[in-house]
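> First the structure, which I've put down as structure tokens, then a few questions once you've had a look.
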Amino acid sequence: MQLNSSITIKEGKTLPSLSENSILRYFNFIALYFAQGVPEGMLFYGIPAWMAMNGNTPGEIAGFAVACGLPWSFKFIVAPLMDRYTYLPMGRKRPWVILGQIGLIASCIYMAYVPDPLNNLNQFMLAGFMVSFFGAFQDVATDGMAVDIIPANQQARANGLMWGSKIIAISTTLALGTWLLNTYNFTTAILMLAFMIAVIMLVPLFLRERQGEKITPWSPGAASPETKKLQLTSWVSIFKSLYSVFSLRNSLLLALILFICQGAYNYLDTLLPIFTVKELHWSNGDYSQLYAPAKIIGGITGMLIGGILIDKFGKKRMMNIYFFVMILLTTALVCLKMYWTSLTFIYGFMMLYNVAYTFACIGIFAIAMQCCWKKVSASQFTLYMTIANLGRIALAALIGPINTNFNWQGSLFAFAIMIALAWLLLQFFNIKKQAEQVVVLENKDNGGGQLQAG
């Protein structure tokens, strides 16, 4: 497939499709991931702080947080629906992306007009659930579109741009939304989210997945031959195909690596504030003021060079390096206890760790995309992410037992052990073999026909 390096006007004066133009592809996914980060900045950071400032109890704030987090645990329920049903003349995943954007706008408007939200918690939590539901919904559709549209040699760079865009969106809306909350009111702050998402919605509205498809249901166009070949028309076919690709040795290995490494990241993210407050005697404000900038710098660095490094030197090679750097950093932190009183030392660890963490996430998500079979892209990628989320829950739960039975050095070193286990499993993982087996499945499914380039 020929990729244009610049935006040109085609026949009929229409923009190139996402499958044709690399710049438009990057722009599209940067915008869609920014849209995902817009509500998250307020739901998961801004609103809980606002509730605490206005006297809501920790239990009430936790209830809101649970309501907002719950939809992200059930993404796998909607993923098969997106693989099974769509309006092909507008693309395989684009109709679902647009529907997710509309849902985000509508749910934000609903949340903005919840009367007296701090004292009307049931309706407030319902509104938070709805906004998160459509955020997770759009996330599944966007990831499915990315697997379908982005060539394997561009997936790492695209993941870097997407990841950085989302972090920037979370930080931007947290700052802007908090200012609007404090300067104006709750309704104004949340309507701002709806407005930002509405502006971003212009991107999927005007960019086709493939040339010749409809922009709107009433405009001229037709389903492309490639999407017709990819689309599955029965639940039996979807689950049979998903089982075929997920039962491959390398698929199972990747799922286990995701479970361990994502769980390890959440283990350390949960442990660090406890460590700094209890052992180093920081305040929670000290921690957030130092950790938040480190997180943003990690995201921006990943956006700028994380994907480029993986594209240039290879996914597995760079993942080996990133895992090794995280093990080395944590070991240094454990062994150099005499420097724990140095703010510069701890902040340096946070900064370097967040850069390595961001790069590693970009790499592992790019690997997961490459391992997907396009016929069940939304379901397979979402299943990988669901397993990763289970790891985040399971390994974070180990903090209590580990910290009870070991000192702080042992608790921190447990993270290095987890990453070392993920690194060991990575040595047995073969990306090329997985890609070849997906091609075999595709050819078998097509009756031995030639696999079409995507």
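> If you place +1 on the Cβ of every Lys and Arg and -1 on the Cβ of every Asp and Glu, how big does the dipole about the Cα centre of the chain come out, in debye to the nearest 20? List each step's numbers first, then the result.
Numbers: 30 positive and 19 negative charges, 245 e Å.
It comes to approximately 1180 debye.
> Continuing with the same structure: What residues have an amide H closer than 5 Å to that of ASN430, excluding those fewer than 5 places away on the same chain, when H is modeled at 1.01 Å from N in the peptide plane?
none
> Another one. If r is the Cβ-Cβ distance from PHE428 to LYS312 and R0 is 30 Å, what FRET efficiency results, to the nearest 0.05?
0.80
> I've got another one for you. Taking a threshold of 28 Å on the Cα-Cα distance, which of the pairs LYS166/LYS312; LYS93/LYS315; LYS312/LYS337; LYS312/LYS374; LYS315/LYS375 fall above it?
Going by Cα-Cα distance, LYS312/LYS337 fall outside the 28 Å limit.
> Let me ask something additional. By counting other Cβ atoms within 10 Å of each Cβ, how are ILE257, ILE274 ranked from fewest to most?
So the residues, fewest neighbours to most, are ILE274, ILE257.
> Out of residues 5 or more away from GLU209 or on other chains, whose amide H comes under 5 Å of its own, with H placed 1.01 Å from N in the peptide plane?
Amide H neighbours of GLU209, under 5 Å, 5+ apart: LEU18.
> Here is a follow-up. For the range 189-195, in order, what is each residue's ³J(HN,Hα) by Karplus, 6.51 cos²θ - 1.76 cosθ + 1.60 with θ = phi - 60°, in whole Hz (x at glycine and Pro)?
After applying 6.51 cos²θ - 1.76 cosθ + 1.60, I find 5, 6, 4, 4, 4, 4, 5 Hz.
> Got a sec? How would MET318, MET162, MET338 order by Cβ neighbour count within 10 Å, fewest to most?
MET338, MET318, MET162
> Here is a further query. Run the helix sum for the chain: -39,500 (n - 2.57) per DSSP H stretch of 4+ residues, divided by residue count, reported at 222 nm to the nearest 500 deg cm²/dmol.
About -24000 deg cm²/dmol.
> If you don't mind, another one. Residue by residue, what Karplus-based ³J(HN,Hα) values in Hz, rounded to whole numbers, does the range 89-96 have, using 6.51, -1.76 and 1.60 with θ = phi - 60° and x for Gly and Pro?
Going residue by residue, I get x, 9, x, 6, 10, 4, x, 5 Hz, with x marking Gly and Pro.
> Sticking with this one: Post the alpha-carbon centroid distance, the range 42-109 to the range 317-346, in whole angstrom.
35
> Starting at the first residue of the range 266-279, write each ³J(HN,Hα) from the Karplus equation 6.51 cos²θ - 1.76 cosθ + 1.60 with θ = phi - 60°, in whole Hz, x for Gly and Pro.
The phi angles translate into 5, 4, 6, 4, 7, 6, 4, x, 5, 4, 5, 7, 7, 8 Hz.
Values in this text are rule-based calculations from the coordinates and carry no lab data. Quick caveat, the model's predicted, so the values are computed rather than measured. Backbone-built Cβ (ideal geometry, glycine too); neighbour counts: all protein chains shown.
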